[in-house]
Each structure stands twice: as C-alpha cells, then as structure tokens.
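One structure is given here, and the rest of the page talks about it.
The values are calculated or read from the model by the stated rules, or taken from the named source; none is laboratory data. Because the structure is predicted, anything quoted here is derived from the model rather than measured. Here the Cβ is made from the backbone with ideal geometry for all residues, glycine too, and neighbour counts use every protein chain on show.
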C-alpha cells in the first residue's frame, strides 16, 4: 500500500461530503463506479450510479442546508482493491417542516473500492446510523416516502461477521478472537486477574475446620476492603 493510494482514497471519501452539501451531483462520477451498489437501509438501496444520483438529488433538494463530516479514515489497499471505513456526522436542516428544523445523525460508511483507469472509485458502500437526534420529519422530503432510521451498534455488526470493510483492520482484534473462540478467550484473559485476587492478602477466606468466613480486611487504598485497581 502506498501513501498516494491512501491519500487519494481519503480524498474521494471527503469529496462525497462536499458533493452532497453543494448538491454538485456530477462529482459522484469521480467517487463511485457506474455499477456501484449503495446500501443505506432497507428502504434506501441502489444498484447503479445513475439511480443513486437521481434519487439523491430529489431527496436533498428541499433541504435549506446540509453538512456531512467524514472522520477517522481507515484505509487498507490490496493491489487494485481497497477497503475504507469512515465515521460520519450529518446535519440536515429543513425549515419548512413543523417543529425543530434540524436532524442530526452519526454513524459510519463501509466502502469497497476498485482501481480504475481514472483512479480509485467506490464500488460498494454500506452506510449505517449509530445514533440520531432532532426531528425525524426533516428527512421526509419526498411525499409518501419514509426512510428507515434504524440504529446499529458497530461491535455487534463485527461479531455477526457480516459484510464489512472493517475486516482487514479487525482480523486480529480481541473482539474478533472472542467471536471465533467463544468464552475460552475470555477465560484466558480474565484468569490472571482472578489469580491475583485469590493471592492478594486483602482478599482471603479462612478455610480452617469449624471457622467462619472472614470478611476482607480493610485496605488503606479505599473502604471497600479490596485494593483499588486501574483499568476496570
């Protein structure tokens, strides 16, 4: 992977936010392949760039203003293919709606890219919402069309092992190892801590015949009877 590839890929991902906020839809031609698959939700799914551009133009036209911030880029290049995972923050403003004119969301973009003669292009994009606030009716810019605003938890998405450009980044992570090996990994990680607690002089139980259970001795570090530890 070259630094040039990473810079170019990060650039086109950032260009997406600019294209949407300026409603310069022709810029999508510099971001996506013609046969791009875009999955924003069950109610927002496209199989080609022409339909994606057309529907996005109709959807965004009624907004008074929008802002899409692309954050925390992770890029992994494998020859002429690449994967990018990006956090996104979004603000949509539509003053014509009743009530609060704002809708704010945060989530992520999950992209698979290919190298073309014109440079890198996104061939598949999955976008998910982690959280949102504000007025959901701000999003209902097309009469009769209601977009799903379901939220998703990233760690659960990883554990399910579904589609995800996060795979190259998470392949050796603790969370994936736990998913693959089950509770054995958890036991191995926790056992040293339990052993330390058993051996600690402040956490002892008298096992002499006929004796009662002895309460943990008071620790100068705190009042709970157990030594204070960091990292929990």
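Among the residues of segment 97-117, those that are in contact (Cβ under 8 Å) with a residue 60 or more places away in the chain and surrounded by fewer than 16 Cβ atoms within 10 Å (Cβ to Cβ) comprise 114, 116.
For the residues 2, 65, the requirement of being over 24 Å from the mean Cα position of the chain (by Cα) and within 25 Å of residue 140 (Cα to Cα) singles out 65.
How about segment 34-62: which of its residues are under 20 Å from the mean Cα position of the chain (by Cα) and in contact (Cβ under 8 Å) with a residue 40 or more places away in the chain?
Quick first cut of segment 34-62, residues under 20 Å from the mean Cα position of the chain (by Cα) only: 37-45.
Result: 37, 38, 39, 40, 41, 42, 43, 44.
Determine, yes or no, whether residue 129 is at pLDDT 95 or above, closer than 18 Å to residue 20 by Cβ, surrounded by fewer than 20 Cβ atoms within 10 Å (Cβ to Cβ) and in contact with a strand residue (DSSP E or B) (Cβ under 6 Å, 6 or more places away or on another chain).
On the way: at pLDDT 95 or above: yes; closer than 18 Å to residue 20 by Cβ: yes; surrounded by fewer than 20 Cβ atoms within 10 Å (Cβ to Cβ): yes; in contact with a strand residue (DSSP E or B) (Cβ under 6 Å, 6 or more places away or on another chain): yes.
Considered against the rule, which asks whether it is at pLDDT 95 or above, closer than 18 Å to residue 20 by Cβ, surrounded by fewer than 20 Cβ atoms within 10 Å (Cβ to Cβ) and in contact with a strand residue (DSSP E or B) (Cβ under 6 Å, 6 or more places away or on another chain), residue 129 comes out as yes.
Residue-by-condition table, conditions (1) in a strand (DSSP E or B); (2) under 17 Å from residue 14 (Cα atoms):
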residue	(1), (2)
27	no, yes
55	no, no
63	no, no
76	yes, yes
92	yes, no
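The set of residues in segment 29-53 being under 13 Å from residue 121 (Cα atoms) and in a helix (DSSP H, G or I) consists of 29, 30, 49.
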